[in-house]
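The block underneath contains the structure these notes are about, expressed in structure tokens.
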Amino acid sequence: MKIYVGIDIAKLNHFAAAISSDGDIILEPFKFTNDTDGFQLLFSKLESFDKNSIIIGLP
């Protein structure tokens, strides 16, 4: 199963969400800041997934 993570990037705050290849929502959209704490939050939400299954898209 692939996990698709979409990240909406901006100057100060970003939003991310994830769905499975089956179309199930895995992570509801959440906001994280453009700093170390924000990226730690993103990494903590993604760390439970198989790294080889994650595909990240940035518009």
* Identify the residue in region 22-54 that is part of a helix (DSSP H, G or I) and of a type in the set (Gly, Ala, Ser) and, among all such residues, is surrounded by the most Cβ atoms within 10 Å (Cβ to Cβ). => GLY38
* To do: May I ask you to verify whether GLY6 is in contact (Cβ under 8 Å) with a residue 40 or more places away in the chain, of a type in the set (Gly, Ala, Ser) and surrounded by 10 or more Cβ atoms within 10 Å (Cβ to Cβ)?
  => yes
* Any residue at all in region 6-16 that is part of a helix (DSSP H, G or I) and not small (Gly, Ala, Ser)? -> no
* **Tally of residues being loosely packed, with under 10 Cβ neighbours inside 10 Å and closer than 14 Å to ILE55 by Cα across region 9-21** => 0
* Taking the options SER48, SER53, SER44, name whichever one is of a type in the set (Gly, Ala, Ser), out of contact with any helix residue (DSSP H, G or I) (no Cβ under 8 Å at 6 or more places or on another chain) and more than 14 Å from LYS2 (Cα to Cα). => SER44
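Read the figures in this text as sums done on the coordinates, not as results from a lab. The model shown is predicted, which means the values in this text are computed figures rather than measured ones. We place every Cβ from the backbone using ideal geometry, glycine too, and count neighbours over all the protein chains shown.
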